[in-house]
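Shown next, in structure tokens, is the structure this report addresses.
The values are calculated or read from the model by the stated rules, or taken from the named source; none is laboratory data. Because the structure is a prediction, the values reported are computed rather than measured. Here the Cβ positions follow ideal geometry from the backbone for every residue, glycine too, while neighbour counts run over all protein chains shown.
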Amino acid sequence: MTDLIQTVTDGFTSRFDASPAGLWSAPGRVNLIGEHTDYNDGFVFPFAINRRTLVGLRLRGDRLLRVASSFATETVELSLDELTPENLAGWSAYPLGVAWALGEFGADLAVVPGFDVFIDSDVPIGAGLSSSAAIESAVAVALNDLWDLGLDRRVLARVGQLAENRAVGAPTGIMDQSASLLGEADSAVFLDCRTLEAEVIPLGFDAAGLELLIIDTRVSHAHSTGGYASRRASCELGARMLGVTSLRDLTVDDLGPASDVLDDETFRRVRHVVTENQRVQDTVRTLREQGPTAIGALLDASHLSMRDDFEISVPELDLAVETARGAGSIGARMTGGGFGGAAIALTPSDLIPAVTAAVTAAFAARGFAVPDLFVVRAADGAARQQ
Ligand code: GLA
């Protein structure tokens with residue numbers, strides 16, 4: 001964090017010739033379990049991680065918005081009077097999309113002042129760790145403070161999601177922003193995506209001698225194109241055909257009858273979501289009753305469901321999961337939207353070097369790109385830093 005504070009403070013001063021009024025940060029997230037359940041009104045169990053985005057922001061005396069970051073040489077400028085999703089493109093659509101989306105949730109964009117913002121982040125981009133939600137959440141808490149909006153964190157999560165849906169054009173759910181805004185150290189957020197009721201549940205990894213290893217396959221993915229949207233459409237079709245508002249309304253017992261109504265592909269998409277919702281609830285119960293060493297099989301089952309029923313894995317993710325399990329991880333699965341990004345492997349601390357070596361060697365043997373492996377810890381959600 002010290003490094004980010006330095007780069008944001010320096011970057012802000014050199015781009016805008018002034019000091020920021022404050023610094024706000026928000027973390028990326030990893031999803032322990034509950035994939036593609038959020039936009040089906042289901043359950044998710046993610047946690048905020050110790051990789052963060054930091055923004056420096058100050059209000060201006062006029063209506064101009066200026067956005068700069070350490071990952072782009074350009075400074076993007078736009079007037080608040082021209083702030084529409086259609087006018088946004090590229091990386092600045094994340095912060096500016098949040099400013100626009102705040103207007104949809106009560107900020108009076110006709111009167112608020114413009115701002116200068118500088119952004120830096122150590123959340124790896126494209127790894128499935130929600131670098132985008134980290135930007136959205138950091139900007140959302142900063143503007144919520146300086147524009148004095150008084151919006152609740154659950155509302156700010158919806159603001160970030162709306163920015164992602166409309167300004168970035170990715171039809172994603174509410175999980176990533178919720179984790180980034182509601183996360184707490186050493187705990188995961190059990191979120192009901194229908195009611196947005198959230199329960200923070202201690203993970204107990206330290207006491208059990210476990211660590212969560214991220215295996216970033218370096219296969220890049222984008223949820224504004226292709227597979228993510230088509231999976232979402234299949235889920236909506238399945239719900240319509242089965243006469244329910246969303247797949248959340250089905251239980252595992254409904255799957256038998258559903259197989260008579262749906263075509264094979266739609267049925268398998270539905271089966272993933274319904275069983276995954278059950279696995280999230282089972283994971284939370286198992287964690288509470290038996291501790292984290294007992295949740296491995298649920299993580300494994302989640303991966304198989306995504307590989308075979310939802311069909312969102314890629315060979316690199318499958319290899320990462322299989323190799324980690326073979327080398328001693330107690331459970332492993334791809335995490336995030338799929339089609340690339342990262343896998344997670346719940347691993348006894350003393351086996352981290354062995355699992356890392358095994359995965360690296362397996363990728364080399366298959367001629368895959370060199371994966372990036374690192375341990376993450378559950379961290380606090382978005383906060384004002386200074
Ligand atoms: C992406 C989306 C989330 C969620 C996951 C899949 O991370 O941003 O809303 O749908 O994929 O669980």
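Going by the structure shown, is residue 350 in contact (Cβ under 8 Å) with a residue 40 or more places away in the chain and more than 23 Å from residue 126 (Cβ to Cβ)?
yes
Name the pairs: first residue in segment 129-140 and under 10 Å from residue 98 (Cα atoms), second residue hydrophobic (A, V, I, L, M, F, W, C) and assigned to a helix (DSSP H, G or I), Cβ to Cβ under 6 Å, at least 6 apart or on different chains?
136/98; 136/163; 137/181; 139/98; 140/98; 140/156; 140/159
Limited to segment 305-329, what total is found for residues that are closer than 26 Å to residue 231 by Cα and exposed (fewer than 15 other Cβ atoms within 10 Å of the Cβ)?
Summing the residues that are closer than 26 Å to residue 231 by Cα and exposed (fewer than 15 other Cβ atoms within 10 Å of the Cβ) in segment 305-329 gives 2.
If you take the residues of segment 86-135 that are in contact with a Phe, Trp or Tyr (Cβ under 6 Å, 6 or more places away or on another chain), farther than 19 Å from residue 179 by Cα and not aliphatic (A, V, I, L, M), which of them is nearest to the ligand (Cβ to nearest atom)?
Across segment 86-135, the extreme among qualifying residues is 118.
So is residue 304 under 30 Å from residue 54 (Cβ atoms) and assigned to a helix (DSSP H, G or I) or not?
For residue 304, the condition - under 30 Å from residue 54 (Cβ atoms) and assigned to a helix (DSSP H, G or I) - is not met.
Of the residues that sit in segment 313-345 and are among the polar types (S, T, N, Q) and within 14 Å of the ligand (Cβ to nearest atom), which one is farthest from residue 209 (Cα to Cα)?
Top of the filtered list is 313.
Look at residue 293 and say whether it is in a helix (DSSP H, G or I), out of contact with any strand residue (DSSP E or B) (no Cβ under 8 Å at 6 or more places or on another chain) and among the β-branched types (Val, Ile, Thr).
For residue 293, the condition - in a helix (DSSP H, G or I), out of contact with any strand residue (DSSP E or B) (no Cβ under 8 Å at 6 or more places or on another chain) and among the β-branched types (Val, Ile, Thr) - is not met.
For segment 1-16: of the residues being under 24 Å from the mean Cα position of the chain (by Cα) and surrounded by fewer than 12 Cβ atoms within 10 Å (Cβ to Cβ), which is nearest to residue 380 (Cα to Cα)?
2
Please go through segment 54-73 and give me each residue that is out of contact with any Phe, Trp or Tyr (no Cβ under 9 Å at 6 or more places or on another chain), at pLDDT 95 or above and not small (Gly, Ala, Ser), ordered by number.
Across segment 54-73, the qualifying residues are 62, 63.
Quick one: is residue 207 surrounded by 22 or more Cβ atoms within 10 Å (Cβ to Cβ), small (Gly, Ala, Ser) and not in a helix (DSSP H, G or I)?
no
If you go through segment 321-380 one residue at a time, how many are over 29 Å from residue 201 (Cβ atoms), aliphatic (A, V, I, L, M) and in contact with a helix residue (DSSP H, G or I) (Cβ under 9 Å, 6 or more places away or on another chain)?
Selection size over segment 321-380: 5.
With the requirement that a residue be hydrophobic (A, V, I, L, M, F, W, C) and outside any loop (DSSP other than H, G, I, E, B), what does segment 145-159 give you?
Correct list: 146, 155, 156, 157, 159.
Condition first: surrounded by fewer than 24 Cβ atoms within 10 Å (Cβ to Cβ) and within 19 Å of residue 25 (Cβ to Cβ). Can you find one or more residues in segment 100-111 that meet it?
Checking segment 100-111: not a single residue is surrounded by fewer than 24 Cβ atoms within 10 Å (Cβ to Cβ) and within 19 Å of residue 25 (Cβ to Cβ).
What pairs come out if I take residues in segment 157-184 that are touching a residue at least 40 places away in the same chain (Cβ under 8 Å) and pair them with residues that are among the aromatic types (Phe, Trp, Tyr) and near the ligand (Cβ under 10 Å from one of its atoms) whose C-beta lies under 9 Å away, six or more apart or interchain?
170/228; 171/39; 171/228; 172/39; 172/228; 173/39; 174/39; 175/39
Consider residue 45 against the criteria (1) within 16 Å of the ligand (Cβ to nearest atom); (2) at pLDDT below 95: it satisfies all of them except one. Which criterion is unmet?
Failing condition for residue 45: (2).
Return the residue satisfying two criteria in turn: it lies in segment 160-186 and is aliphatic (A, V, I, L, M) and part of a helix (DSSP H, G or I), and of such residues it is nearest to the ligand (Cβ to nearest atom).
That would be 175.
Over 19 Å from residue 179 (Cβ atoms), more than 15 Å from the ligand (Cβ to nearest atom) and crowded, with 18+ Cβ neighbours inside 10 Å: does that describe residue 55?
no
So, in segment 235-290, of the ones that are outside any helix (DSSP H, G or I) and not polar (S, T, N, Q), which residue ends up surrounded by the most Cβ atoms within 10 Å (Cβ to Cβ)?
Restricting to residues being outside any helix (DSSP H, G or I) and not polar (S, T, N, Q), the top hit is 250.
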